[in-house]
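So the structure is just underneath, and the comments pick up after that.
The values are calculated or read from the model by the stated rules, or taken from the named source; none is laboratory data. Bear in mind that the values here come from a model prediction, so they are computed numbers and not experimental data. Quick reminder, even Gly has a Cβ in these numbers, built from the backbone with ideal geometry, and neighbours come from all protein chains shown. Heads up: the accessible areas ignore ligands, DNA and RNA and are worked out on the full protein's heavy atoms, side chains in. Shrake-Rupley method; radii C 1.70, N 1.55, O 1.52, S 1.80 Å.
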Protein chains: 4
Amino acid sequence: MSHNTIGHLFRVTTFGESHGPAIGCVIDGCPPRIALEAADIQAFLEKRRPGLTRFTTQRQEADEVKILSGVFRDDASGRQVTTGTPITLLIENTDQRSKDYAAIKDAYRPGHADFTYDQKYGVRDHRGGGRSSARETAARVAAGAVARKIIRPVHVRGALVQMGPHKIDRANWDWDEALRNPFFCPDATAAAFFEDYLDGVRKAGSSIGAVIEIVAENAPAGWGAPLYGKLDSELASALMSINAVKGVEIGEGFAAAALSGEENADEMRLGRDGAPLFLSNHAGGVLGGISTGQPIVARFAVKPTSSILQPRRTVDRAGAETEIATKGRHDPCVGIRAVPVGEAMVACVLADQFLRHRGQIGAEPGWPFTDKT
Amino acid sequence: MSHNTIGHLFRVTTFGESHGPAIGCVIDGCPPRIALEAADIQAFLEKRRPGLTRFTTQRQEADEVKILSGVFRDDASGRQVTTGTPITLLIENTDQRSKDYAAIKDAYRPGHADFTYDQKYGVRDHRGGGRSSARETAARVAAGAVARKIIRPVHVRGALVQMGPHKIDRANWDWDEALRNPFFCPDATAAAFFEDYLDGVRKAGSSIGAVIEIVAENAPAGWGAPLYGKLDSELASALMSINAVKGVEIGEGFAAAALSGEENADEMRLGRDGAPLFLSNHAGGVLGGISTGQPIVARFAVKPTSSILQPRRTVDRAGAETEIATKGRHDPCVGIRAVPVGEAMVACVLADQFLRHRGQIGAEPGWPFTDKT
Amino acid sequence: MSHNTIGHLFRVTTFGESHGPAIGCVIDGCPPRIALEAADIQAFLEKRRPGLTRFTTQRQEADEVKILSGVFRDDASGRQVTTGTPITLLIENTDQRSKDYAAIKDAYRPGHADFTYDQKYGVRDHRGGGRSSARETAARVAAGAVARKIIRPVHVRGALVQMGPHKIDRANWDWDEALRNPFFCPDATAAAFFEDYLDGVRKAGSSIGAVIEIVAENAPAGWGAPLYGKLDSELASALMSINAVKGVEIGEGFAAAALSGEENADEMRLGRDGAPLFLSNHAGGVLGGISTGQPIVARFAVKPTSSILQPRRTVDRAGAETEIATKGRHDPCVGIRAVPVGEAMVACVLADQFLRHRGQIGAEPGWPFTDKT
Amino acid sequence: MSHNTIGHLFRVTTFGESHGPAIGCVIDGCPPRIALEAADIQAFLEKRRPGLTRFTTQRQEADEVKILSGVFRDDASGRQVTTGTPITLLIENTDQRSKDYAAIKDAYRPGHADFTYDQKYGVRDHRGGGRSSARETAARVAAGAVARKIIRPVHVRGALVQMGPHKIDRANWDWDEALRNPFFCPDATAAAFFEDYLDGVRKAGSSIGAVIEIVAENAPAGWGAPLYGKLDSELASALMSINAVKGVEIGEGFAAAALSGEENADEMRLGRDGAPLFLSNHAGGVLGGISTGQPIVARFAVKPTSSILQPRRTVDRAGAETEIATKGRHDPCVGIRAVPVGEAMVACVLADQFLRHRGQIGAEPGWPFTDKT
């Protein structure tokens, strides 16, 4: 079961509500002897942190992570390493303005989880969305920072490739550019356009959706486990679990429906080193649920932020019709901050699949007992 | 872990290879006292069975299912019911022509799992694709038939909504029509067009992709479990695990990226019965990972069949460059037979979520011990 | 997978080391709307807390528990209830004297996990035993307090029934007495004897083992899940996971080996209320892995505390032979404080089995959808 | 969840009822490229097979196992090997005499699972005990045969060490003798005594309990996963899941309660090869839940067979008092055939822990990607 846990051998359990004392996660299954400092995690949290530009929520959170367990500082080297025991990461909440949310205590905000949580649990922490708040994604990003260490040679990067109906020009793709603008957009021209575009959305009290692309390079062939532990299946699950995500695709994705078998086939030749080489990557790095060794390419669609200033019709807990406009601090395009979250999810899935692969393979007589040395 | 298992409380473990003696599944967690005959399952297998029209593979399989365990026939009523113990379903393979596949024993077919299985396992049953064959989906359909019984009031139906670049006209949607044509297409006009279109594809030795839509009506609000056991997350995982699927979306899906918050909001009013009523269903029946009580709508993209008559460049196990054309019997549009498979996956996920919901809720003092009576 | 997690639907993941900043747990799967205050948990922690008598370690820990997530205080009632989201319980470590342990940094203490952690992980937090310290059991007791709320009508109690070779006289059994003496011993005569006996052990710098019995009354028939989720199987697993436990038995346990089928049979008659009634309880409340409705009786053996003042021969990390005597603060009979821990484990297993039972049963047509109301 | 599944990476799901068409199991997670023929499995089934001596049930079952999936015969070598996909093992039932059981259809046999299955499920296959029959253990033995191949250098053997109140003389221990007598008893003198003793029990229409010891030699240090995936915890769970088992202990087990810390400490010195060497094995090869490299020693108590000719008082489904004597074919001491079953369970747990260990360890930079080659 996995209500609040993701992963099998690299298991991340997140906890916490938007306006509770803290959020965080417990990571179980991280291998030992990996150097890990809070600062390693902090760097990734910065990328997701709110309040940095006018294009994200103005909530001010330090998002300072503490490591409560699972590491040990070696006196000799002064180096802090993982010990193989559960790693607990804690991020205290500091800028909760729960009063902002009093109006939504009893009315269901359209597009939010208010109604469904109430239907399921009969109780909900309405403050800032409680458990269903995007604030929980900070814990994901923290876990992703640890996951990256496990699969260190693999490079996981994300980019915003569409905002509203506007797609970027892939010919302009520049990974460095994605780190320079506030949209994680790899196309400088599109980024400049998005600045004006999103200002308009924000000033209108509206919001807009986005599409994010995550690319993981340098993963070897062989990760994944058919048929229900497929790499793409787990990526789909992990990305779809991010708040506001409504679609996930791998490689060509939905566009593959329009292709012929000839067009979609990734032909192979031998590379200069004599190793098999794919001539294209329609598959997005996954065939039969197992990595091919090519870049793993996943995209996901984020719906527009449901919290908007425009009043919408709704009902309340008492069974009366009403209208609601969300006054709190919100992202006009929650898809932007979904970029580091998507990266983290992909890193977590890959770390898990890597460890699972270790546990699936290698039964040649004699080898088992040499592992420990 | 779940290499070959799907679900948590309603657990389905499938087994078998395309050209082995049999395929099948073990269903663990089916509640007791549900009437179940082999004929109940057979009806759904018929829908997926190959060789019925010229648009699917000409392999002739009776696909006759046997129930090996988990049921008991009550002498008094003559009724066979589930007992709460594992239900094993077995389907023998009868029309394996393994010789057809000798040519592909050592060469990797582009778009297939040949290369990745070899990279991961160092061995593979090449005959008919072995474990990665779409034949495995018969076991899914069988399991889905049992799942439907658990969630009986819920109606799960699927339809082909796009073939190649050609989308159906949703204004023509007629569920009955979807049962009349060989494409499970709910638009009679589109179905007529697809007949010619797919004949062309087939005669050219080519193949084409498709998009399938699954709709589950009458599921109550409250199923699903945030944050990593979300209903949509599990649907994404289950649908992406089907052979050749490259994308999954819920409700508006990728189109949500282009919407504003106002457009995407599903407003609420009170219905005639005084119960909350959504005025639209952009969410596809899921908010915050929990069902809303509206129809649950999922779509998935199926890539074109990788087995085509057109020769493609590839390499072989010995490390030589070669060309390959797949001569076996194949579906020109594997997306067609994915319709009953997608239905089955959705039914399995819903049965699992229903039972999980039972295990998550209901802790009011006193109630626990009344359940058994 | 469950390195640091116990349970399936009521899942407890513990974390933390003896001398790290904190220990604690995340409870996932607790049903909503259960009243829960920190004080409810604190009461059970007191029972396990060290330093209260001369018969337990002199480490002084407040063991003050904080609830970091998963609860919500209703403004109207002022009552704090669970919300169905993960409950995080945190207990800060305050009295770590890590210097005491410098001597054991490199030498392996016989009977401890020092050698095996080093063999497995290649690194270990030696301070106070790190993760393998009995301190972790405080998190178990905290989780058990929450579990008890879920299965409220069930009464889970434990008692020490043997210390060293000395068994109590079961004819003297008095549950109230078990709360009056420092040994949780239900036989006042034995308790008086144990006081002198254990003083002798303690003054000799030695230690001694014990046997603990846990009884859960008022659980209904029907909990448990054959064949590998059996109630007794899960009890065995949970109790064996407690530090220093070397044996577990249910009902007659090992004594059943010496019985004949006639002697061991729990015959049945009808009670005054016409319901089936067992005339004995050799089974310990479990048949076929499912609860019978009788008291559930489990016993477990705790080995003598491995930390003793008597020097023992050992080796160190550098591969040299040496001797070691453990100087830190330790329990002369760690079995005493295992009583509340055993109770907690049984409560956790029963809460999990109760929720699983809810998810296994009840598929009569029509009933599913009435559950939510 | 694991109602009918044991293991995490080496997962065994068993299915089938005593008088259904077949029993069997699906093994998911077996590594690829292991030579596996049906004959390898058959050898172990022979050891457990009924009807071979007058001391076991007279039911005649060929217990012929078929491998339905998960293996592939390499044309070149003629060698059949595992492929990494699910291995399905099927054993058909051939000698069901269901009429024998008509009398017990409605009355609950004391000591059996009849009452509890009925309470839980409201329906049960009463024929031969249905799912709760010891017949299911044939599937365990089959799975154990596969497990042994994965951990090939480890030697797992079992022996009966007590029948009724009579313990063997451990000074006479001879593993070869255990294969010569019908009791798997390693003490020839005791075996001779048991022959007369059990004849007496059998002729009296009674039954008797037993204690079994399983020893696994040559497992390396480092297997197991604290705190809830401990090696001893998983052994306890697996052994307690065997029919009729009421107690499990590791190493000294319950006897450890009577020892002092000095007595129980397994001191260490350096061996001739300079490697750490334990001077005793009170721990039974497990410390802190992790293997020490010494022999792993587990014992379990089996209650007397509940099916006896002596009539016992009971009640029936209709709520009337009655008496029952079980007429079918039964083992006078079901503990005897529990020996190969216990071996199989230990082998399965070790195979699982070995693969888990592979997935837990080894994160030094650079090494991950060398694994595949």
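Restricting the search to the stretch B:97-120, which residues are at pLDDT 90 or above and either more than 17 Å from A:Pro276 (Cβ to Cβ) or assigned to a helix (DSSP H, G or I) (or both)? Once the filter is applied, which keeps residues that are at pLDDT 90 or above and either more than 17 Å from A:Pro276 (Cβ to Cβ) or assigned to a helix (DSSP H, G or I) (or both), the stretch B:97-120 yields B:Asp114, B:Phe115, B:Thr116, B:Tyr117, B:Asp118, B:Gln119, B:Lys120. The condition (being at pLDDT 95 or above and either at positive phi or aliphatic (A, V, I, L, M) (or both)) is satisfied by just one residue among D:Val123, D:Val71, D:Val81: D:Val71.
Residue-by-condition table, conditions (1) in contact with a helix residue (DSSP H, G or I) (Cβ under 8 Å, 6 or more places away or on another chain); (2) buried (at least 24 other Cβ atoms within 10 Å of the Cβ); (3) more than 7 Å from every other protein chain (Cβ to nearest Cβ):
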position	(1), (2), (3)
B:Gly284	yes, yes, yes
B:Thr292	yes, yes, no
B:Arg313	no, no, no
B:Thr322	no, no, yes
B:Gly335	yes, yes, yes
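In the set (1) touching a residue at least 60 places away in the same chain (Cβ under 8 Å); (2) small (Gly, Ala, Ser); (3) open to solvent by less than 40 Å² (accessible area, probe 1.4 Å), the condition left unmet by A:Ser280 is number (1).
Which one is surrounded by the most Cβ atoms within 10 Å (Cβ to Cβ) among residues in the stretch B:9-25 that are within 7 Å of chain D (Cβ to nearest Cβ) and touching a Leu at 6+ places or on another chain (Cβ under 8 Å)? Walk me through it before giving the result.
Of the stretch B:9-25, the ones within 7 Å of chain D (Cβ to nearest Cβ) are B:9, B:11, B:13, B:15-17, B:20-22.
Narrowing the set further to residues that are touching a Leu at 6+ places or on another chain (Cβ under 8 Å) leaves B:9, B:15-16, B:20-22.
Values: B:Leu9: 26, B:Phe15: 28, B:Gly16: 30, B:Gly20: 25, B:Pro21: 17, B:Ala22: 19.
Checking each candidate, the answer is B:Gly16.
Does A:Asp63 satisfy being surrounded by 21 or more Cβ atoms within 10 Å (Cβ to Cβ) and either within 20 Å of the chain's Cα centre (by Cα) or away from chain D (no Cβ under 14 Å) (or both)? Spelling it out, A:Asp63 is indeed surrounded by 21 or more Cβ atoms within 10 Å (Cβ to Cβ) and either within 20 Å of the chain's Cα centre (by Cα) or away from chain D (no Cβ under 14 Å) (or both). For the residues B:Glu213, B:Glu249, the requirement of being crowded, with 21+ Cβ neighbours inside 10 Å, within 22 Å of A:Ile6 (Cβ to Cβ) and touching a strand residue (DSSP E or B) at 6+ places or on another chain (Cβ under 9 Å) singles out B:Glu249. Would you mind stating whether D:Asp273 is without any contact (Cβ under 8 Å) to a residue 12 or more places away in the chain and open to solvent by 10 Å² or more (accessible area, probe 1.4 Å)? Taking the combined requirement at face value, the residue satisfies it.
One residue is enough: does the stretch C:104-119 have a residue meeting the conditions away from every other protein chain (no Cβ under 11 Å) and closer than 30 Å to C:Thr53 by Cβ? Yes, that holds for at least one residue.
On inspection, C:Asp352 passes the criterion of being farther than 30 Å from C:Asp199 by Cα, acidic (Asp, Glu) and at pLDDT 50 or above. Within the stretch A:230-272, the residues that satisfy the criterion of being at the interface with chain B (Cβ under 7 Å from one of its Cβ atoms), closer than 18 Å to B:Lys230 by Cα and polar (S, T, N, Q) are A:Ser233, A:Ser237, A:Ser241. Pairs meeting the criteria (first residue in the stretch D:69-84 and closer than 13 Å to B:Arg124 by Cβ, second residue open to solvent by 40 Å² or more (accessible area, probe 1.4 Å), beta carbons under 6 Å, at least 6 apart or on different chains) are D:Val81/D:Arg33.
Close Cβ contacts (under 7 Å, 6 or more residues apart or on different chains) running from residues in the stretch A:51-65 that are over 17 Å from A:Phe194 (Cα atoms) to residues that are open to solvent by 20 Å² or more (accessible area, probe 1.4 Å) and among the β-branched types (Val, Ile, Thr) comprise A:Glu61/A:Thr94; A:Ala62/A:Thr94.
Conditions (1) under 22 Å from the mean Cα position of the chain (by Cα); (2) over 19 Å from D:Lys246 (Cα atoms), marked per residue:
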| residue | (1), (2) |
| --- | --- |
| C:Arg272 | no, yes |
| C:Phe278 | no, no |
| C:Val286 | yes, no |
| C:Thr292 | no, no |
| C:Val302 | yes, no |
| C:Leu309 | no, yes |
| C:Arg312 | no, yes |
| C:Ala320 | no, yes |
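Any residue in the stretch D:220-228 that is under 17 Å from C:Gly247 (Cα atoms) and either in contact with a Cys (Cβ under 8 Å, 6 or more places away or on another chain) or in a strand (DSSP E or B) (or both)? No, there is no match, as no residue in the stretch D:220-228 is under 17 Å from C:Gly247 (Cα atoms) and either in contact with a Cys (Cβ under 8 Å, 6 or more places away or on another chain) or in a strand (DSSP E or B) (or both). Any residue in the stretch D:253-265 that is touching a residue at least 40 places away in the same chain (Cβ under 8 Å), buried (at least 23 other Cβ atoms within 10 Å of the Cβ) and assigned to a loop (DSSP other than H, G, I, E, B)? The answer is no; no qualifying residue exists.
Looking at the stretch A:30-43, can you tell me whether even one residue there is within 13 Å of A:Ala145 (Cβ to Cβ), surrounded by fewer than 19 Cβ atoms within 10 Å (Cβ to Cβ) and in contact with a Phe, Trp or Tyr (Cβ under 9 Å, 6 or more places away or on another chain)? No, there is no match, as no residue in the stretch A:30-43 is within 13 Å of A:Ala145 (Cβ to Cβ), surrounded by fewer than 19 Cβ atoms within 10 Å (Cβ to Cβ) and in contact with a Phe, Trp or Tyr (Cβ under 9 Å, 6 or more places away or on another chain).
Is one or more of the residues making up the stretch A:167-174 of a type in the set (Asp, Glu) and farther than 23 Å from B:Leu259 by Cα? Spell out how you get there, then give the answer.
Step one: list which residues in the stretch A:167-174 are of a type in the set (Asp, Glu), which gives A:169, A:174.
Pick out the ones that are also farther than 23 Å from B:Leu259 by Cα and you get A:174.
Checked against the condition, which is being of a type in the set (Asp, Glu) and farther than 23 Å from B:Leu259 by Cα, the stretch A:167-174 yields at least one hit.
If you check A:Arg148, A:Arg157, which single one turns out to be in a helix (DSSP H, G or I), within 21 Å of A:Ala298 (Cβ to Cβ), at pLDDT 95 or above and in contact with a helix residue (DSSP H, G or I) (Cβ under 8 Å, 6 or more places away or on another chain)?
A:Arg148
Restricted to the stretch B:324-333, and to residues there that are more than 10 Å from every other protein chain (Cβ to nearest Cβ) and over 28 Å from B:Ala159 (Cα atoms), the residue that is least open to solvent (accessible area, probe 1.4 Å) is B:Ala325.
For D:Thr88, the conditions (1) buried (at least 17 other Cβ atoms within 10 Å of the Cβ); (2) at pLDDT below 85 are fulfilled apart from (2). The set of residues in the stretch A:149-174 being in contact with a Phe, Trp or Tyr (Cβ under 8 Å, 6 or more places away or on another chain) and open to solvent by 10 Å² or more (accessible area, probe 1.4 Å) consists of A:Pro153, A:Arg157, A:His166.
Would you be able to say whether some residue in the stretch D:46-59 is in a strand (DSSP E or B) and modelled with pLDDT of 80 or more? There is no residue in the stretch D:46-59 that is in a strand (DSSP E or B) and modelled with pLDDT of 80 or more.
If you go through the stretch D:300-311 and keep only what is facing chain C (nearest Cβ under 7 Å) and open to solvent by less than 10 Å² (accessible area, probe 1.4 Å), you end up with D:Ala301, D:Val302, D:Pro304, D:Ile308.
Going through the stretch B:121-137 one residue at a time, which ones are outside any helix (DSSP H, G or I), within 22 Å of B:Val12 (Cβ to Cβ) and out of contact with any strand residue (DSSP E or B) (no Cβ under 8 Å at 6 or more places or on another chain)? Correct list: B:Ser133 only.
Scanning the stretch B:31-57 for residues that are facing another protein chain (nearest Cβ under 8 Å) and in contact with a Pro (Cβ under 9 Å, 6 or more places away or on another chain) turns up just one, B:Ile34. Checked across the stretch B:187-204, the condition of being open to solvent by less than 10 Å² (accessible area, probe 1.4 Å) and not in a helix (DSSP H, G or I) holds for at least one residue. Taking the stretch B:173-230 as the range and being hydroxyl-bearing (Ser, Thr, Tyr) and under 30 Å from B:Ile150 (Cβ atoms) as the test, only B:Tyr228 passes.
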